[in-house]
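Working notes for the structure below.
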Ligand SMILES: N[C@@H](CCC(=O)N[C@@H](CS)C(=O)NCC(=O)O)C(=O)O
């Protein structure tokens, strides 16, 4: 059965691949699962039909027959459980890969989201300039430790896993800030993720929808 995911009718990032449907597309591409996409406007996301699938009125969602999921982490985990390729077979290695999924979304992403909020949504506030360095340092405090853990390895724990897929996706959100480039090994790690054929396909698919049209 071909699953259907939702994505923005037009992503506010103009095709940079930062909207979370890209993470789901990437996971689907990694496991070789064809999928369909239903594009939704902001108004449609808040309408009852969509709220019945996503209680918070957001994207992405995932529908597979009677199964309806929301939350990117949950969707990627479901795909990783149903298909080979995103989680190791060994019990302990699998548990560690799942731990990295949680670490990406629960530990690394929150300060990055705070930085995005400070840079984009709060930049006209009178206290914005004063607050920004504090928020950036909170991001660095997490990346310092992540960078030490990764060291010279290609991936976080052995072979590429759903943990890497989510961690790379989260770190990608930092590119515009310049902070990622302060960490040579993390910048190379993200570049390795982006070079994966599955990511290239996922990025191209969302870009085709979201790229600004030239007229
Ligand atoms: N924790 C959720 C966050 C979902 C989320 O923030 N989605 C954004 C797009 S990346 C969205 O739909 N924003 C529009 C809105 O909140 O109105 C997940 O990981 O799926």
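Values quoted throughout were computed directly from the atomic coordinates according to the rules given, and no laboratory measurement underlies them. Everything numeric in this text was worked out from a predicted model, so none of it was measured. Ideal geometry is used to build each Cβ from the backbone, glycine not excepted, and the neighbour counts take in all protein chains shown.
Extension gain, residue 211 to residue 119, is 30.9 nm, computed as 0.36 nm per intervening residue step minus the present C-alpha separation.
Rounded to the nearest 0.05, what FRET efficiency is calculated for residue 1 and residue 194 with R0 set to 22 Å and r the Cβ-Cβ distance?
Values: r = 30 Å, r/R0 = 1.36.
After rounding to 0.05, the efficiency reads 0.15.
Between residue 38 and residue 184, residue separation times 0.36 nm minus the direct Cα-Cα distance comes to 48.8 nm.
Taking label positions 7 Å along the Cα-Cβ direction at both residue 128 and residue 83, the computed distance is 4.0 nm, reported to one decimal. Would you kindly give the portion of the calculated P(r) for the stretch 114-215 that falls above 15 Å, as a percent of all Cα pairs? Counting every Cα pair in the stretch 114-215, those more than 15 Å apart make up 68 percent.
Stokes-Einstein at 37 °C, 0.692 mPa s, Kirkwood radius from Cα pairs: D for the chain in µm² s⁻¹? The estimated diffusion coefficient comes to 182 µm²/s.
Placing R0 at 35 angstrom, the Cβ-Cβ distance between residue 93 and residue 176 gives a FRET efficiency of 0.55 after rounding to 0.05.
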